[in-house]
Structure formats: structure tokens, C-alpha cells
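These notes concern the structure reproduced below.
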Amino acid sequence: MADKILVVDDEKEIADLVALYLESENFTVFKFYTASEALKCIQNETLDLAILDVMLPDMSGLQICKKIREQYCYPVIMLTAKGEEIDKITGLTLGADDYITKPFLPLELVARVKAQLRRYKRYNVKAEPEEDVIVHSGLVLNIKTHECTLNEKVLSLTPTEFSILRILCQQKGRVVSSEELFHQIWGDEYFSKSNNTITVHIRHLREKMGESFEEPKYIKTVWGCGYKIEA
């Protein structure tokens, strides 16, 4: 069955071009030029990924992302017109998994879509019995159900945040670099230099876990090397 992708952009030429490239890769595309139409689709269809333009006439793409995260955990890719850092940071804060700046190469967007879907689908693959649940000092990650609790309190994590925490827990005691985190999550070479995105996700993880930046209990920063969770 083809993966279902939502594309929302008020620039008709861009939306049509993105849809054309995705359909050529055998994806099922739901294309809209307004937020109101997209919101109806979100409620009525079982989607696998959403591509949202930040600037829309009736509602910000960031607001759509926030609404998606209230119910769903599938990947969200934001399109930003000017590459403004505030849009990127805000998008990641609201639960976006990736962003791409206009103008962009359609083939790069397709590659990012495939990378996000590969990572997302890992949650639907049964893990080995010993890896179904990871427990570490009050932190519990259920790989099979994509649930995370800290001291019995449920943490609402995005797929990317969950992936980062899972990797660090599975390799506790070992320093994992930003490049390695990107490789394990997305598996795409061009992500290797985007360390700032990992930094932002780590910061959000710490905020959700109630971590102190100065003296974090769980996710430690090893300056110049990466991150680790101590064994």
C-alpha cells in the first residue's frame, strides 16, 4: 500500500511540483492550498507524513503542525520561505521533524521524505524481545508502542526525540556524536553537517524531562564529541 502524504502550500506551482515528484515515486498525495482544507484531510485520512508551508493565508503551517501533534506522531516536514532561524526553531519546538528552505531541489525534498518514512516505519517493526522495553533510572521506553515515561509520568515525544533518546539509552555509557545520531535516524549523508538540528532536539528533550542544562541527570553533553547517557 502506498504511503499517504499531505502537501500544503498556498503557492500553487510549488504544491503542484512537489505532488508531481512524490507521485512519480508512487506516493499517494493529498494536495491543498489552504490550511482549512488540510485540517479536514488530517481528520479524515490516515496519513504517513505531512509537508507544511510555514506561511499560509488562513493559518500558519506551524499551527497545523501543533494540531497534528495533539493526535498523531507521523513525521512533519516544514517548508520555510526565507530560511529564518526563528521559523526553524519554532517548527522543531512544535514537533516538526525536519525543515527545508525555499527554493529547494524537489529531489532533495523527496529524499528527506523517504528518510523520515524509513525512520518512522521502524516503530512498526517488531523489535527483538530484549529490546522491546528499555529501562534506565526511572526512564522507561517502550520501543514497540513508542511510549516513554519518566518516573511514571508520560512524556509526549516527537518521533525524532524518541529516536534520539532510544539510541542514547541503547548505547548508554558511550558518547554518540551528532553525526552518528543523524546517520542512525535518517541514514542520509547530507544530514551529517546539520548538527544544530540535533542540538535543538536535545534541548527539547531535556525540557520535557525537566533536565537542568548545567547539571543534567540523564543526557550529558561531552563537548566537542557528542552526547551520552551514563550507565
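Each residue in region 217-231 was checked for being crowded, with 18+ Cβ neighbours inside 10 Å and in a loop (DSSP other than H, G, I, E, B), and 1 of them qualify. The set of residues in region 159-175 that are within 23 Å of residue 137 (Cβ to Cβ) and either crowded, with 21+ Cβ neighbours inside 10 Å or within 16 Å of the chain's Cα centre (by Cα) (or both) comprises 160, 161, 162, 163, 164, 165, 166, 167, 168.
Take the residues in region 1-32 that are assigned to a strand (DSSP E or B) and touching a residue at least 40 places away in the same chain (Cβ under 8 Å), then tell me which one is farthest from residue 116 (Cα to Cα). Out of the qualifying residues, it is 8. Residue under question is residue 3, and the condition is that it be within 30 Å of residue 145 (Cβ to Cβ), surrounded by 17 or more Cβ atoms within 10 Å (Cβ to Cβ) and not hydrophobic (A, V, I, L, M, F, W, C); does it hold? Considered against the rule, which asks whether it is within 30 Å of residue 145 (Cβ to Cβ), surrounded by 17 or more Cβ atoms within 10 Å (Cβ to Cβ) and not hydrophobic (A, V, I, L, M, F, W, C), residue 3 comes out as yes.
Taken together, the values in this text are just the output of simple stated rules run on the coordinates, not laboratory data. Remember, it's a predicted structure, so these values are computed and weren't measured experimentally. When we count neighbours, we look across all protein chains shown, and the Cβ atoms used for this are built from the backbone with ideal geometry, even at glycine.
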